[in-house]
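Right, one structure below, let's go through it.
The values are calculated or read from the model by the stated rules, or taken from the named source; none is laboratory data. Here the structure is a predicted model, which means the values were calculated and not measured. Cβ placement follows ideal geometry from the backbone for every residue including glycine, while neighbour counts extend to all protein chains displayed.
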Amino acid sequence: TTGKGIDMRSISTDDIAKVEIVRGIPSVEYGDLTSGLVNIERKKGGNDLEARFKADMQSQLFYVGKGIELTDKQFTLNTGIDYLDSKIDPRNNRENFKRVTGSIRAEKRWTNDHWRLAFNSNLNYRGTFENDKNDPDLTPSGAIDSYESSNNALSLAGTLSLNNRKKGFFRSLSLTASASGSWDNIHQEKTVVPSKLSVVPTATQPGVHDAEILPSTYLASLDVNGNPFNAFVKAIATFNYNYRNWFNIIKVGGDWRMNKNYGEGQLYDMRRPISIDITTRPRPFNDIPAEHNLAFFIEEASKLRLGKHRIDITAGLRSASLLNLDNRYVLDGKIYLDPRVNAKWALPRIGERKPLSIELSGGVGWHTKMPDISKLYPDLFYYDLIQLNFFSNENPAVNRMNVRTFVDDLTNYNLKAARNMKWEVRADFSIDDHRLSVTYFREKMTSGFRQGKSYTRYIYNRYSTEGLDPSTMTGPPDLADLTFTPDTILKVQSVHTNGSRILKEGVEFQYSSKRFPIIRTRLTVNGAWFRTTYNNSQPVYKRPSVVIDGRQIRYIGLYNEDDGYIRESFNTNFTFDTDIPRLKLGFSTSIQCMWFTSSQSMWESGVPIAYVNMEGELLPYTDAERNDMILQHLVEPHYENNFKKRTIPIDANINIKVTKKICRDKIALALYVNRLVSYHPDYTLFGNTIRRTSNPYFGMEINFRL
């Protein structure tokens with residue numbers, strides 16, 4: 001699904017050295033992040049040869065990596081390659097996934113008494129492959145149904161950093177550049193058996209034309225060729241100045257990002273489409289303009305010591321804009337400003353032998369999310385209305401299917417960036433290696449992206465074939481000789497809008513104990529309560545699925561309420577981590593508890609506030625329309641159960657993992673079982689008993705370090 005993120009299966013984790021979690025409102029350096037920052041640092045240096053094999057109920061993974069570190073030359077080189085073969089269900093050959101990744105990473109440093117210069121670069125390859133063939137249990141005899149996809153991606157990145165070792169006003173300068181491209185290919189073949197008489201509209205321009213009738217069975221093929229390319233450049237300079245107990249670091253920088261797809265797009269025979277319901281035409285991806293994001297930022301981080309108190313304040317401002325846009329877009333030349341502030345107050349320690357440390361933190365910030373290419377440049381909408389349908393099995397030479405094609409541009413030139421405001425407060429406590437953190441956050445967005453609705457009025461002719469005798473005809477009927485009746489259709493269409501209103505709030509908590517010496521165990525407890533309220537901030541056009549005299553109701557209603565819901569959940573995880581160095585043995589036991597999840601649809605009256613008549617006029621919907629024999633059907637029926645709260649009770653699982661090191665810690669063996677013990681009690685929802693089941697999940701892995 002476009003615009004929704006990336007396939008997590010394509011990410012390799014074996015070359016990761018550590019993962020840093022940055023809490024609070026993210027720095028203005030990091031763009032539109034709203035939920036903290038996950039900073040991944042990859043392995044660097046060392047001279048070990050590492051290998052890993054992992055197998056579980058769905059996949060097998062092989063990895064090998066090697067590091068080279070020349071200390072005297074201040075040079076490191078790391079390489080790694082892995083192969084993953086995943087089968088979600090081994091019994092179903094349509095569900096499989098293969099991945100190959102490889103990377104080469106190098107770093108060179110130059111150092112003198114005043115400066116330290118470093119350059120690191122990395123070259124990465126990722127390939128993913130799927131090959132789904134016929135399943136005899138699912139495909140009729142003689143039919144073809146296959147799907148193949150491959151993705152080959154290359155990326156090259158480099159960072160040049162200069163640091164001042166004398167700690168003057170100028171501290172550092174960093175330049176980062178990266179480029180990545182991939183070759184995505186999909187090939188699908190399918191035997192299509194239309195369930196009804198269907199036409200093949202092939203026109204790409206509006207107007208009247210004859211269309212071909214699809215055969216009762218045919219073989220369709222589809223190729224999708226994509227070649228997305230991404231480029232990124234970022235520059236950051238940091239400066240430092242201090243005054244007595246006041247320490248300051250200033251960060252200034254900017255970044256530019258470019259996205260463009262140079263692929264050919266969908267390639268198929270329009271006379272034999274892969275689906276009879278297709279409403280688009282082949283569109284080359286390379287016809288879509290490139291997206292350019294430009295941003296600048298400035299930030300100051302201050303540390304102030306007042307006796308035993310310490311106050312940290314980080315304040316920054318980020319600007320964001322889209323380039324390379326037509327002047328019809330309201331985003332053209334528009335600059336969004338995102339101010340963000342984080343503050344932390346470290347109180348004096350309480351007590352002497354085992355002092356209690358308390359930190360109070362808070363932050364607030366705005367975040368701007370630009371629409372992606374699929375929202376800025378949607379596909380053209382093709383609407384084909386049959387004006388004449390004359391068909392004879394006895395005399396196919398007289399068959400004629402005449403269609404009027406309408407082509408609409410559904411681009412919303414008034415589409416704006418989505419703006420989100422988030423604030424949070426946090427308290428951190430620590431004593432004797434026991435740590436507790438509690439955070440409350442709240443964020444609100446009133447301009448989120450969604451598929452809104454608009455309507456268009458289409459006028460066409462309906463030709464009458466009354467009186468025509470196929471047995472006496474020598475050719476298809478001539479439109480000029482036929483009588484017709486003008487007809488009008490109101491069509492509801494999807495268009496990207498800023499119509500989503502989202503309110504999120506929650507409490508996150510984490511407690512970690514010290515490692516108790518007798519049982520060599522540390523307890524970590526974390527969890528969260530979340531509540532999300534979602535609704536549509538704009539009225540929506542809808543046509544009820546009511547059939548009158550053999551046709552769907554021809555009027556369209558405008559409704560205030562649509563798609564609103566409230567979702568809530570509360571979960572807690574308990575992790576017992578036991579380390580026994582004498583036995584070179586480690587145990588990890590986790591208890592995952594989802595105490596409850598609930599959802600509730602917001603009330604909808606089902607009564608429109610207005611309606612559209614056949615002339616395309618928007619008129620108020622009053623009691624008179626509600627009593628009209630036709631217009632009364634615009635009132636959508638709703639049932640009380642649709643708006644009742646649905647609550648799912650506790651869902652708990654116990655997972656274990658055992659790790660054993662052997663051969664002087666050169667080899668580590670691990671066995672894990674997820675859902676070893678599960679608690680999923682039956683529950684009743686609206687008089688129905690819901691039964692839940694769970695199956696254990698086993699896996700093992702072996703790591704070598706030579």
Residue count, region 34-86 (criterion: within 30 Å of Pro696 (Cβ to Cβ), outside any strand (DSSP E or B) and of a type in the set (S, T, N, Q)): 1
Scan region 352-394 residue by residue and report those that are among the small types (Gly, Ala, Ser) and within 30 Å of Ala427 (Cβ to Cβ). Ser357, Ser361, Gly362, Gly363, Gly365
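Based on this model, can you work out whether Leu337 counts as of a type outside the set (Lys, Arg), closer than 30 Å to Phe169 by Cα and modelled with pLDDT under 95? Full working, then the answer.
Details: of a type outside the set (Lys, Arg): yes; closer than 30 Å to Phe169 by Cα: yes; modelled with pLDDT under 95: no.
The answer is no for Leu337.
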Filtered residues of region 464-499 (kept if touching a residue at least 40 places away in the same chain (Cβ under 8 Å), surrounded by 10 or more Cβ atoms within 10 Å (Cβ to Cβ) and outside any strand (DSSP E or B)): Thr465, Leu468, Pro470, Met473, Pro476, Pro477, Leu479, Leu482
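Filter region 659-706 for residues that are among the aliphatic types (A, V, I, L, M) and buried (at least 16 other Cβ atoms within 10 Å of the Cβ); which is nearest to the chain's Cα centre (by Cα)?
The extreme case among them is Val673.
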Given (1) over 30 Å from Glu300 (Cα atoms); (2) surrounded by fewer than 18 Cβ atoms within 10 Å (Cβ to Cβ); (3) out of contact with any Gly (no Cβ under 8 Å at 6 or more places or on another chain), number of the condition Leu360 does not satisfy: (1)
Cβ pairs under 6 Å, 6+ apart, first in region 251-275 and crowded, with 16+ Cβ neighbours inside 10 Å, second of a type in the set (A, V, I, L, M, F, W, C) and outside any strand (DSSP E or B): Met258/Ala290; Lys260/Ala290; Asn261/Phe285; Gly263/Phe285; Gly265/Phe285
Within 20 Å of the chain's Cα centre (by Cα), at pLDDT 90 or above, surrounded by 14 or more Cβ atoms within 10 Å (Cβ to Cβ) and within 30 Å of Arg543 (Cβ to Cβ), is that true of Asn461? no
Leading residue by the ranking (surrounded by the most Cβ atoms within 10 Å (Cβ to Cβ)) among those in region 326-357 that are hydroxyl-bearing (Ser, Thr, Tyr) and assigned to a strand (DSSP E or B): Tyr336
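Taking region 577-614 on its own, how many of its residues are among the hydrophobic types (A, V, I, L, M, F, W, C) and either in contact with a helix residue (DSSP H, G or I) (Cβ under 6 Å, 6 or more places away or on another chain) or within 27 Å of Ser537 (Cα to Cα) (or both)?
Narrowing region 577-614 to residues among the hydrophobic types (A, V, I, L, M, F, W, C): 580, 583, 585, 587, 591, 593-596, 602-603, 607, 609-610, 612, 614.
Retained after the next criterion (residues that are either in contact with a helix residue (DSSP H, G or I) (Cβ under 6 Å, 6 or more places away or on another chain) or within 27 Å of Ser537 (Cα to Cα) (or both)): 602-603, 607, 609-610, 612, 614.
So the count comes out to 7.
Regarding region 423-436, can at least one residue be identified that is under 30 Å from Tyr541 (Cβ atoms) and assigned to a strand (DSSP E or B)?
No: region 423-436 contains no residue that is under 30 Å from Tyr541 (Cβ atoms) and assigned to a strand (DSSP E or B).
Need at least 3 residues that are hydroxyl-bearing (Ser, Thr, Tyr) and in contact (Cβ under 8 Å) with a residue 24 or more places away in the chain per element, so show me which strands (runs of 3 or more DSSP E) inside region 120-234 make the cut, counting only ones lying wholly within it. Spell out the reasoning first.
Working: elements: 145-164, 170-192, 207-210, 218-226.
Correct list: 145-164, 170-192.
Looking at Val540, is it aliphatic (A, V, I, L, M), under 30 Å from the mean Cα position of the chain (by Cα) and modelled with pLDDT under 95? Give the steps one after another, and end with the answer.
Values: aliphatic (A, V, I, L, M): yes; under 30 Å from the mean Cα position of the chain (by Cα): yes; modelled with pLDDT under 95: yes.
When the stated conditions are applied, Val540 passes them.
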Could you go through region 198-219 and let me know if any residue there is touching a Lys or Arg at 6+ places or on another chain (Cβ under 7 Å), under 27 Å from Ile373 (Cα atoms) and modelled with pLDDT of 95 or more. no
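Table: residues versus (1) within 25 Å of the chain's Cα centre (by Cα); (2) aliphatic (A, V, I, L, M).
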position	(1), (2)
Lys354	no, no
Ile358	no, yes
Ser361	no, no
Pro378	yes, no
Gln387	no, no
Pro396	no, no
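Take Tyr534 and decide whether it is in contact with a strand residue (DSSP E or B) (Cβ under 7 Å, 6 or more places away or on another chain), crowded, with 16+ Cβ neighbours inside 10 Å and without any contact (Cβ under 8 Å) to a residue 60 or more places away in the chain. Reasoning before the result, please.
On the way: in contact with a strand residue (DSSP E or B) (Cβ under 7 Å, 6 or more places away or on another chain): yes; crowded, with 16+ Cβ neighbours inside 10 Å: yes; without any contact (Cβ under 8 Å) to a residue 60 or more places away in the chain: yes.
In short, yes.
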